[in-house]
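Down below is the structure, laid out as structure tokens.
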Amino acid sequence: MAENIYKTDGTIDSFENPRPGREYEIEFVAPEFTSVCPMTGLPDFGTLTITYVPGARCIELRSFKYYLFAFRDRGIFYEDLVNQVLDDIVAAIAPRSAMVTGEFNARGGITARVTASFHGD
């Protein structure tokens, strides 16, 4: 049975890990990620890469897509965004480990990459 973690900005559903005794890595890449710059109100574009080693639960991909869509109209700095996604993943599924990397498109000739990691027990 799927469990839900409800957030004001979306929901991350999960399902039982079919191989809880094995350590394996899952990677999601969202190449069309968008949010809003809180300073200018202009859209920010980038690629989010989520890599995790599941514990007892795995992220249900459809719900995760909609969770990410919730950021489209949200004003948030890159640093906060990447850490918020990581915090929500940890709260939703308690992975063995997880890493979120945001690679954001150029603005004024400068690109940005932000990475946050979690290492469980």
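Where a number appears in this text, it was derived from the coordinates with a stated rule and is not lab data. Owing to the predicted nature of the structure, the values given are computational and were not obtained by experimental measurement. Please note: Cβ atoms are built from the backbone with ideal geometry, for glycine as well, and neighbour counts cover all protein chains shown.
Numbers for the structure displayed
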read-out: Single residue of the stretch 41-91 satisfying the filter (among the aliphatic types (A, V, I, L, M) and not in a helix (DSSP H, G or I)) that is farthest from ALA112 (Cα to Cα); value: ALA56
read-out: Complete set of residues in the stretch 102-117 that are out of contact with any Ser or Thr (no Cβ under 6 Å at 6 or more places or on another chain) and closer than 14 Å to ASP87 by Cα; value: ALA116, SER117
read-out: In the stretch 91-109, the residues that are hydrophobic (A, V, I, L, M, F, W, C) and under 16 Å from TYR78 (Cα atoms); value: MET99, VAL100, PHE104, ALA106
read-out: Where PRO20 falls short, out of the listed (1) free of Cβ contacts under 8 Å to residues at least 40 places away in the same chain; (2) loosely packed, with under 12 Cβ neighbours inside 10 Å; (3) part of a loop (DSSP other than H, G, I, E, B); value: (2)
read-out: Residue identified as over 29 Å from TYR24 (Cα atoms) and either of a type outside the set (Val, Ile, Thr) or crowded, with 17+ Cβ neighbours inside 10 Å (or both) among ARG62, ARG57, ARG107, ARG113; value: ARG107
read-out: Evaluation of PRO38 against (1) surrounded by fewer than 17 Cβ atoms within 10 Å (Cβ to Cβ); (2) in contact (Cβ under 8 Å) with a residue 40 or more places away in the chain (one fails), failing number; value: (2)
